[in-house]
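Worksheet: one structure, shown below.
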Protein chains: 2
Amino acid sequence: MASNTTKTGQPLDRAILDSLLRRRLFYTPSFEIYGGVSGLYDYGPPGCALQANIVDTWRKHFVLEEDMLEVDCTMLTPHDVLKTSGHVDKFADWMCKDPKTGEIFRADHLVEEVLESRLKGDKEARGQKVVVDEEKDNKRKKKVKETKVVKLEDATVKEYEEVLAKIDNYNGEELGQLIVKYNITNPVTGAELLPPVSFNLMFQTSIGPSSNLRGYLRPETAQGQFLTFQKLLEFNQQSMPFASASIGKSFRNEISPRAGLLRVREFLMAEIEHFVDPEGGKKHPRFHEVQDMELAFLSREIQLSGRTEVEKMTIGKAVSTGLVDNETLGYFLARIQLFLLRIGIDESKIRLRQHMMNEMAHYATDCWDAELFTSYGWIECVGCADRSAYDLSVHKDKTGAALFVRETRQEPLHIEEWQIDLDKKKFGPRFKKESKTVEAAVDALSQELREKLSLDLEKDGKVEIDVEGVSDGKVVLEKDLIKIEKRTRVENIREYVPNVIEPSFGIGRIFYSLIEHSYWSRPGDEARGVLSFPPVIAPTKVLLVPLSSHQSFKPIVDRIALRLRRVGVSNRVDDSSASIGKRYARNDELGTPLGITVDFQSVKDNTFTLRDRDSMKQVRASEDEIVAAIKSLAEGEETWNDVFKRLPEFLGQDVE
Amino acid sequence: MASNTTKTGQPLDRAILDSLLRRRLFYTPSFEIYGGVSGLYDYGPPGCALQANIVDTWRKHFVLEEDMLEVDCTMLTPHDVLKTSGHVDKFADWMCKDPKTGEIFRADHLVEEVLESRLKGDKEARGQKVVVDEEKDNKRKKKVKETKVVKLEDATVKEYEEVLAKIDNYNGEELGQLIVKYNITNPVTGAELLPPVSFNLMFQTSIGPSSNLRGYLRPETAQGQFLTFQKLLEFNQQSMPFASASIGKSFRNEISPRAGLLRVREFLMAEIEHFVDPEGGKKHPRFHEVQDMELAFLSREIQLSGRTEVEKMTIGKAVSTGLVDNETLGYFLARIQLFLLRIGIDESKIRLRQHMMNEMAHYATDCWDAELFTSYGWIECVGCADRSAYDLSVHKDKTGAALFVRETRQEPLHIEEWQIDLDKKKFGPRFKKESKTVEAAVDALSQELREKLSLDLEKDGKVEIDVEGVSDGKVVLEKDLIKIEKRTRVENIREYVPNVIEPSFGIGRIFYSLIEHSYWSRPGDEARGVLSFPPVIAPTKVLLVPLSSHQSFKPIVDRIALRLRRVGVSNRVDDSSASIGKRYARNDELGTPLGITVDFQSVKDNTFTLRDRDSMKQVRASEDEIVAAIKSLAEGEETWNDVFKRLPEFLGQDVE
């Protein structure tokens, strides 16, 4: 079981971490000097660089590695597209309004909070110990301000508990019934609330000057990829399977945002749509590369049994036993895990949770979330769903666009079937303007019916066919008009709508989880926080500190800074008057993995000390060696241990 | 004078280029299968990679090079912020509606088009030669479908010409008067139009469930940076000057988008806000690095004289002669030019156009646009303005936030001034509850008045002061109550609102101009287009082509592809059955600078040919040497000429 501790095993104090993140400007509430807008955050310099490095690594790990076709589609999206995708009708939460104060409550959250509070009051009244679920508590801006100590009937307790267990599954009407039944009111004023109404979570706007083209800010990047499928397939020279990918902002007009970066109104997503032939078991050609990776699964079955311990097994076994539906889905689950590890996520704080049947869309084949453990509990950070052919099919049906694959069969398909020939010459004169209707009815006959009719035709010399709207709905065809025979048809072309495997990454949630997983503090000094990002991910790679403000240091510092920039290594100079220890401490909080000290020895012989953030150990070598080591560390080609082994350790000067 | 030719001097045929860009999926109208939405475009894989490489180069050239503080602020922006910035009131165009058809016209464009069409008809009627301004013509979706051949009065011709010369300067009321005066109607139906109304170009939405928090999609990224100034200054350890930077989408709800990527409703911007002390002439410490760069200036003066030839001079001279207002502005103009050259923009197609006085905002000190020449004419791609202290001041005044710099003066400031002492003990009993009002009036007295009053006091033993709202508006103070003396005040702290130099890049416009500047076609074969992007910018760096589908090639191709990926070089394999020449031709259109052919010799001795897109020359060397050369070319460390000199040329096999 993952626990709420830092990577060095200390209890994680979120208040201290939050203060560090604000102080170091990782992120900050947007428009704060105007009072702020909840659910909107700006990223400051270190946050911005950290986010860019996560995205860059994502692009290398997925797009470059697998030749994915990256696209950049607009956020503004016209109504019709999102109507077809289902978002206009279903991307909504239920809200209740207090008609007097105008205050708005998210209905499911309100019911949940009120019933939980009553159960708590009941426990207190019974003198039982009240265990607060801190994870859940933390996520909320609480609406219920005080718990009344009132004992409930035993039956009521049971009923409440049953409702709470199913709280995510109620629709608006049902939530309305619960609110009436349990007399749930505005927790502060006691006023009655209006019945729940659906609130669509998309931001609406209108495009162009005439206000009649309704549009929304996209709720996900996926739709743009689906709409471009045909062009992407052509770009890919008609070759299947392939994946598209997109990185960009999406929007969700939360009723009541909470939990910092974890539930915001504007967020960065990275989504992959892997298009695959539904036939042939959705094999993946590179599955063998990952099949021995062990992952932590929280299957549907485990969840149904009420347990929370994950089961560890290889992804190979998970696919072969059917726990994970197919190789392609399994391949991506493993690749997701590899990505998370690569950026520095703690392996013991990753689990793959399978969606319950009632959680999945009706068309989905299987769906898993990569959840990361944080002080807010387990957080869904990556979704990975097999969405079947749903998305392409609905847009294809709506627009008539050719969102399918047309391919020559390697082996022509031989189909035995009952075929019908009509004698067109006699047919026309006989049925006149009704000919087409009758023909269409004949064409529509099922294979089963054709077989039966062929027997009738042989036996009676005629068949009777239902044709709606023609004479009395029955038409008799004699054997000089119709022939029914079993023949073999050869099909050389195959058309199919690809299935979609969709790994979908919430970058902001990964960003926040990574910060928690990277955070610890120097033993003995809680205030000295460290963010141990891997060098590839760290916002700034190197801190340059001149020993003092002595004038001989500045040209050297400038020269090294320039040289590092030229090889693409981000660095910052701190020539403030603070002690070297203080300057390093500041950069530990910024997660800067390396530090160069420029001292009097450097002026003499052009050697420098290089300091490792995590171990605080130092090596000393020539400028060329130090720059080469930094480049190799920043690009992830070497670890500090490699460098430490090959360059001489420096012990002479204690910078702490 | 820049001319509309490709880099090899051929006339640029935009229709052919457009078809290439569509075919190769650089970009494509968004939501096309739903009928499309004008002014919205999606970037396909090569466009997306090209854009990402431009942005990456921008980040290295500006952010990394100058230690800028990059921030990522939200696009959703509450009303109050954009009210203060002036966008709610002024970010608008004038539009006229046809009340019958509902059709909407942008008022200035309509007046311009109709008058131009009448002048054209007049010329035809007079039998004069009509010269069509193709540039202008090209930019438009024309509303005027046909020109009537009607001779005008000479005076009318002159009047029309005067109106057209000032067309950008009319406000809504004036445009309405022109429409009435010249009887301008719906050009197709002849129907009268409603008077011009202001149409705000921001997309509006509402944030949160209660619809009372009005918001907009940001029209620029700048505001987020201004609002964060105080935190950024602190992050920068109170050190000035510094710059913030931001890369992100902005939005503009165009009345009638046109000219492809050049005027769109959603676009990527990169903006820098360089905060500088207004005192001391806005010097820049790195100006000497660029001062000898020669730039092409189209000054205000040249424009006023009606000429269009630029004046070339060094930026050093431009600043020292006062053409460019200050060093910091000049430094950025040079850095902008260096950036444009670095990504491959044609130097002969860059000019710096100074804003006319009436074009600039009232608070701006100086403003220049870097314009790039394309088949649509000169296009504003980068703006570079000295915005004085305007932005920080308005937000500071509105919110009271500390958007200023507070610094200890190196030399304390000695100020001689008239100071007033009031005898508080007597003052209170005398004026009672009016004391504060009187005191405030005294405090507010100007230095000038104080000097005069000191003389009165000496002469008459009393002074008379205006105090609104107290007795009859006059208060007399005797010399036992008030003392006025000239004294020296020492000021150790200085507070100032920094000025802002703002280089602002329209990435989509630069992207499109770069494509035009990079395009040419192989002599003798117009259909064989080439996009000669520099390797650093090219969407894909290397094409891998096996000579045939022979099975011995595949493992080699896979191995090299993997190896290139590992060193971060994007590549694509084309193992289709097309001829090698065809496969290279496709990738010339995609701008892929390098190609590796895997042939039977490769199987034998692991050597490969490397082909240069532009010269079509080839070298042959070992796998290690080829991979090293590619990495060095892709990172811009070597040019093809360098590689061609040091590796043996390969002539044996003609792949065309």
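All of the numbers you see were taken from the coordinates with simple rules; none came from a lab. Just so we're clear, the structure is a prediction, and the values are computed from it rather than from any experiment. Positions of Cβ are backbone-derived with ideal geometry, glycine not excepted, and every protein chain shown enters the neighbour counts.
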Discussion item. Nearest the rotation axis from B to A, which residue of chain B has its beta carbon, and at what whole-angstrom distance?
Written reply: B:T205, 2
Discussion item. Can you give me the distance in nm between label points at A:K312 and A:L194, each placed 7 Å from the Cα along the Cα-to-Cβ direction?
Written reply: 5.4 nm
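So for the stretch A:441-529, averaging the separation of alpha carbon pairs under 8 Å that are six or more residues apart and normalising by length, what relative contact order in percent results?
16 percent
Kindly state, to the nearest 0.05, the FRET efficiency for B:D456 paired with B:E407, given R0 = 45 Å and r defined as their beta-carbon distance. Intermediate values should be presented prior to the final figure.
Details: r = 39 Å, r/R0 = 0.87.
Given R0 = 45 Å and the Cβ-Cβ separation, E is 0.70.
Quick one: if the Förster radius is 56 Å, what FRET efficiency do B:L449 and B:D624 give, using the C-beta to C-beta distance and rounding to 0.05? Mind dumping the intermediate values first?
Details: r = 85 Å, r/R0 = 1.51.
After rounding to 0.05, the efficiency reads 0.10.
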Practice prompt. Among the listed pairs B:K97/B:K120; A:K554/B:K282; A:K398/A:K483; B:K436/B:K462, give every one whose C-alpha distance is greater than 28 Å.
Written response: A:K398/A:K483
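Under a point-charge model restricted to the Cβ atoms of Lys and Arg (+1) and Asp and Glu (-1), what is the dipole moment magnitude of the stretch A:309-438 relative to its Cα centre, in debye to the nearest 20? Present the calculation step by step, with values, prior to reporting the outcome.
On the way: 19 positive and 21 negative charges, 211 e Å.
My answer is approximately 1020 debye.
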Fill in: MRE, 222 nm, helices only [DSSP H, n ≥ 4, -39500 (n - 2.57), over chain B, to nearest 500]
-10000 deg cm²/dmol
Item to complete: Calculate the spin-label point distance for B:T488 paired with B:D472, positioning each point 7 Å from the Cα along the beta-carbon direction, and give it in nanometres.
Response: 4.4 nm
Practice prompt. Mind jotting down a quarter of the surface of the convex hull over the alpha carbons of the stretch B:367-438, in square nanometres, one decimal?
Written response: 11.1 nm²
Fill in: Relative pair counts by distance (%), Cα atoms of the stretch B:529-646, 5 Å bins
2, 12, 25, 26, 22, 10, 2, 0
Discussion item. With every atom except the alpha carbons ignored, what do you get for Rg and Dmax of the stretch B:410-494, in angstroms?
Written reply: 14.3, 48
Practice prompt. Starting from a label point 7 Å past Cα on the Cβ side, list the distances from A:M357 to the same position in the other copies, nm, shortest first.
Written response: 8.0
Practice prompt. Please name whichever of B:A444, B:S210, B:S244 sits farthest to the positive end of the charge dipole of chain B, dipole taken about the Cα centre and charges placed at Cβ: Lys and Arg +1, Asp and Glu -1.
Written response: B:S210
Worksheet item: Magnitude of the Cβ-charge dipole of chain B, K/R +1 and D/E -1, about the Cα centre, nearest 20 debye?
Response: 1660 debye
Worksheet, complete the sentence: The equivalent-ellipsoid semi-axes of the stretch B:92-200, taken as the square roots of five times the Cα gyration tensor eigenvalues and listed largest first in whole Å, are 23, 15, 14
Practice prompt. Would you please state the base-10 log of I(q)/I(0) at q = 0.07, 0.08 1/Å for the protein assembly as shown, with intensities from the Debye formula using one equal scatterer on every alpha carbon?
Written response: -0.91, -1.17
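What is the ratio of the Cα radius of gyration of the stretch B:1-148 to 2.2 N^0.38 Å, with N the residue count, to two decimals? Please report the intermediate quantities before stating the final value.
On the way: Rg = 21.9 Å, N = 148, 2.2 N^0.38 = 14.7 Å.
After normalising by residue count via 2.2 N^0.38 Å, the value is 1.49.
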Discussion item. No solvent, one uniform scatterer per C-alpha: report log10 I(q)/I(0) for chain B via the Debye equation at q = 0.06, 0.08, 0.12 1/Å, two decimals.
Written reply: -0.49, -0.79, -1.35
Worksheet item: Taking the simple approach of a point 7 Å from Cα along Cα-to-Cβ for both B:D154 and B:D56, what is their distance in nm?
Response: 6.5 nm
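With only Lys, Arg, Asp and Glu charged, each at its Cβ (+1 for the first two, -1 for the last two), find how big the charge dipole of the protein assembly as shown is about the Cα centre; round to the nearest 20 debye.
On the way: 186 positive and 214 negative charges, 67 e Å.
The dipole magnitude comes to about 320 debye.
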Discussion item. For the stretch B:403-477 and the stretch B:500-527, what is the centre-to-centre distance using only Cα atoms, to the nearest Å?
Written reply: 64 Å
Discussion item. Students often forget the sequence filter, so: which lysines lie under 18 Å Cα-Cα from B:K432 once same-chain residues fewer than 8 apart are removed?
Written reply: B:K424, B:K474
Discussion item. Test of the criteria: in the stretch B:490-555, which GluC sites (Glu not before Pro) are in a DSSP loop and have at most 11 other Cβ atoms within 10 angstrom of their Cβ?
Written reply: B:E526
Worksheet item: Dividing the convex hull volume of the alpha carbon atoms of the stretch A:325-457 by its residue count, what do you get in Å³ per residue?
Response: 235 Å³
Worksheet item: If you find the alpha carbon centre of the stretch A:608-656 and of the stretch B:230-259, how far apart are they in angstrom?
Response: 36 Å
Item to complete: Provide the FRET efficiency to the nearest 0.05 for the A:R214-B:E380 pair, computing r from the beta carbons and using R0 = 35 Å.
Response: 0.65
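Listed here are the pairs A:K249/A:K396; A:K145/A:K349; A:K90/A:K396; which of them are more than 29 Å apart at the Cα? Could you put the intermediate results ahead of the total?
Details: A:K249/A:K396 26 Å; A:K145/A:K349 33 Å; A:K90/A:K396 20 Å.
Over 29 Å Cα-Cα: A:K145/A:K349.
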